[in-house]
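The values are calculated or read from the model by the stated rules, or taken from the named source; none is laboratory data. Everything numeric here is computed off the predicted structure, so don't read it as measured data. Here Cβ is always computed from backbone atoms with ideal geometry, including for glycine, and neighbour counts include all displayed protein chains.
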Amino acid sequence: MFKFCTSCGAPVQISFAFCSRCGWNLRNISGKDIDESLGYYFQKGFSYKKILLFLSKYHNTELSLRTLQQRLHDMELRRRNVSYDIQEIHGEIIKNLNGPRCSAGYRSHWHTLRLKGTQVPRRVAASYAP
């Protein structure tokens with residue numbers, strides 16, 4: 001049994017979740033899954049425009065920029081004026097400095113913190129890193 005991809009029109013078996021031709025997600029995604037994806041993309045540092053493109057291409061979901069920003073705000077995800085624990089940040093950077101990343105600069109330490117899900121201004125990371 002086949003169905004057709006809504007993106008490229010290629011025939012795809014019903015049991016497949018993605019189109020083998022274009023990679024389009026063929027299953028309906030619940031709101032919870034979309035929120036998890038939004039959080040993941042946001043924490044990885046993707047721009048709003050890229051997040052909207054990912055949602056469109058891989059999750060078959062169209063959102064406006066304003067709706068995306070509102071959902072991120074409702075999930076308490078912010079790019080500015082974030083709260084953080086300075087002791088936790090200090091401990092993480094010291095741990096990085098004592099490990100294999102001892103000669104890395106402040107931007108590298110800041111990026112490592114971001115990838116772990118901790119948002120801090122660069123100036124905070126610069127105050128601890130060499």
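Which of the following residues is of a type in the set (Phe, Trp, Tyr) and either at pLDDT below 70 or more than 16 Å from the chain's Cα centre (by Cα) (or both): 42, 16? Quick ask: steps written out before the conclusion?
Working: 42 fails: either at pLDDT below 70 or more than 16 Å from the chain's Cα centre (by Cα) (or both).
Being of a type in the set (Phe, Trp, Tyr) and either at pLDDT below 70 or more than 16 Å from the chain's Cα centre (by Cα) (or both) holds for just one of 42, 16, which is 16.
Being surrounded by 13 or more Cβ atoms within 10 Å (Cβ to Cβ), charged (D, E, K, R) and in contact (Cβ under 8 Å) with a residue 12 or more places away in the chain is true of residue 92.
Which ones in the stretch 95-107 are part of a loop (DSSP other than H, G, I, E, B) and loosely packed, with under 15 Cβ neighbours inside 10 Å? Spell out the reasoning first.
Within the stretch 95-107, the subset part of a loop (DSSP other than H, G, I, E, B) is 98-105.
Listed by number, the residues that qualify are 98, 99, 100, 102, 103, 105.
If you go through the stretch 33-70 and keep only what is among the polar types (S, T, N, Q) and not in a helix (DSSP H, G or I), you end up with 47, 60, 61, 64.
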